[in-house]
Amino acid sequence: MEARGRAGTTAARPPTLTPKAMKKLVTITVDGACLGNGQTQSRAAAAGILNYQGHRRAVAEYIGQSTNQRAEILSAACGLAALTEPCQIILRSDSRYVVETMNGKFRRKSNLDCWARLDAAAQQHEITYVWIKGHNGDPEQEAADTIARTTAEIGKVRALILTEAIERLNNHVTPALRVAVIKGLRYLANACDGARKRDSVGFNKYDADLGHELAAKSSLTERDIATGRALLRRYSAQLTSYDPTILAII
């Protein structure tokens, strides 16, 4: 039935959205990484964390030789391309270049093939582009950054890195995490000299006792794992040279 106005005229009811017509609201946090930016042997990758009502999914793409700018654009395209239906999107990026361009404030002067790919991926969605500060403690931004950097480092997308990134965001302790922490601790412990002094490899003299104690254990408690993760993060350069997957998992 139509509603009647005070003067007897007919007032149309506002349309009622059916569940089928309502689009899902998805937050996508993206980041790109390029090792050796501007050099002939650069390696780039893109990554994103999709979040729908607390259900997360990680995606990534190895790009190869590229630049930081191209990796940032392609990270947005990678995240959007993972969706299988039209959605309302809040797309978060630490790249002002991407956000301001997609918001119409910057002109497109280069990387036109990347912009075209992003346009195609965005076409079916309603998107709000939001800039966030990188490396500022945002869990999903940090996760996307880690995935992108690790994928660029190893030169391919590894499913384990994607799934473990989500497990860390959900605060889950997994068998893969236990293995990564033990592997990292034992590598650093074995790299120390006999006096346990700093010689550019292994634990420094301040961490040596704790590091060797944890590395000597046959199994780790959840408290040990938390301590080991914090310890290992202080040795990111050494672990990246040894096995970048360890840092990505912890």
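Among the residues of region 146-161, write down those that are of a type outside the set (Val, Ile, Thr), within 16 Å of residue 50 (Cβ to Cβ) and surrounded by fewer than 21 Cβ atoms within 10 Å (Cβ to Cβ). Steps first, answer last, please.
Step one: list which residues in region 146-161 are of a type outside the set (Val, Ile, Thr), which gives 148-149, 152-153, 155-156, 158-160.
Restricting the remaining residues to those that are within 16 Å of residue 50 (Cβ to Cβ) gives 148, 159.
159 - this is the single residue of region 146-161 that is of a type outside the set (Val, Ile, Thr), within 16 Å of residue 50 (Cβ to Cβ) and surrounded by fewer than 21 Cβ atoms within 10 Å (Cβ to Cβ).
If residue 39 passes every condition in (1) touching a Gly at 6+ places or on another chain (Cβ under 8 Å); (2) farther than 30 Å from residue 171 by Cα but one, which one does it miss?
Going through (1) touching a Gly at 6+ places or on another chain (Cβ under 8 Å); (2) farther than 30 Å from residue 171 by Cα one by one, residue 39 breaks only (1).
For every residue, the table says whether it meets (1) without any contact (Cβ under 8 Å) to a residue 12 or more places away in the chain; (2) out of contact with any Pro (no Cβ under 7 Å at 6 or more places or on another chain); (3) under 21 Å from residue 83 (Cβ atoms).
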{"position": "124", "(1), (2), (3)": "no, no, yes"}
{"position": "129", "(1), (2), (3)": "no, yes, yes"}
{"position": "133", "(1), (2), (3)": "no, yes, no"}
{"position": "144", "(1), (2), (3)": "no, yes, yes"}
{"position": "152", "(1), (2), (3)": "no, yes, no"}
{"position": "166", "(1), (2), (3)": "no, yes, yes"}
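Need pairs with beta-carbon distance below 9 Å; first residue more than 14 Å from residue 66 (Cα to Cα) and within region 103-120, second assigned to a loop (DSSP other than H, G, I, E, B); sequence gap 6+ or separate chains.
That search, which allows pairs on different chains as well, returns 115/108.
So which residues in region 42-64 are of a type in the set (D, E, K, R) and either outside any strand (DSSP E or B) or within 15 Å of residue 114 (Cβ to Cβ) (or both)? Give the steps one after another, and end with the answer.
Here is the first cut: in region 42-64, the ones of a type in the set (D, E, K, R) are 43, 56-57, 61.
Passing the criteria: only 61.
Would you be able to tell me the number of residues in region 118-142 that are within 24 Å of residue 166 (Cβ to Cβ), in a helix (DSSP H, G or I) and charged (D, E, K, R)?
Total meeting the criteria: 2.
Those residues that are in a helix (DSSP H, G or I), of a type outside the set (A, V, I, L, M, F, W, C) and under 19 Å from the mean Cα position of the chain (by Cα), I need them from region 235-250; list them, please. Explain how you work it out, then say what you get.
Within region 235-250, the subset in a helix (DSSP H, G or I) is 235-242, 244-249.
Filter once more, keeping what is of a type outside the set (A, V, I, L, M, F, W, C): 235-236, 238, 240-242, 244-245.
Once the filter is applied, which keeps residues that are in a helix (DSSP H, G or I), of a type outside the set (A, V, I, L, M, F, W, C) and under 19 Å from the mean Cα position of the chain (by Cα), region 235-250 yields 236, 240, 244, 245.
Considering only residues that are touching a Lys or Arg at 6+ places or on another chain (Cβ under 7 Å) and in a strand (DSSP E or B), look in region 84-117 and name the one that is surrounded by the most Cβ atoms within 10 Å (Cβ to Cβ).
Pass one, region 84-117, residues touching a Lys or Arg at 6+ places or on another chain (Cβ under 7 Å): 86-88, 94, 101, 111, 114-115.
Applying the additional criterion that residues be in a strand (DSSP E or B) yields 87-88.
Values: 87: 18, 88: 14.
Top of the filtered list is 87.
Kindly indicate whether any position in region 182-204 is of a type in the set (Lys, Arg), under 30 Å from residue 67 (Cβ atoms) and outside any helix (DSSP H, G or I). Talk me through it step by step, then tell me what you get.
Initial filter on region 182-204 (of a type in the set (Lys, Arg)): 183, 186, 196-198.
Then keep just the ones that are under 30 Å from residue 67 (Cβ atoms); that gives none.
No, region 182-204 contains no residue that is of a type in the set (Lys, Arg), under 30 Å from residue 67 (Cβ atoms) and outside any helix (DSSP H, G or I).
Take the residues in region 175-186 that are among the β-branched types (Val, Ile, Thr) and surrounded by 15 or more Cβ atoms within 10 Å (Cβ to Cβ), then tell me which one is nearest to the chain's Cα centre (by Cα). Lay out the reasoning, then the answer.
Quick first cut of region 175-186, residues among the β-branched types (Val, Ile, Thr) only: 179, 181-182.
Going one step further and asking which of them are surrounded by 15 or more Cβ atoms within 10 Å (Cβ to Cβ), we end up with 181-182.
Details: 181: 20, 182: 24 Å.
Once the filter is applied, the top-ranked residue is 181.
Being crowded, with 18+ Cβ neighbours inside 10 Å, assigned by TED's automatic domain parsing to the domain that holds residue 124 and either farther than 23 Å from residue 248 by Cβ or not β-branched (Val, Ile, Thr) (or both) narrows it down to one of 81, 76, so name that one.
Only one candidate qualifies: 76.
The values are calculated or read from the model by the stated rules, or taken from the named source; none is laboratory data. No experiment lies behind these values; they were computed from the predicted model shown. Backbone-built Cβ (ideal geometry, glycine too); neighbour counts: all protein chains shown.
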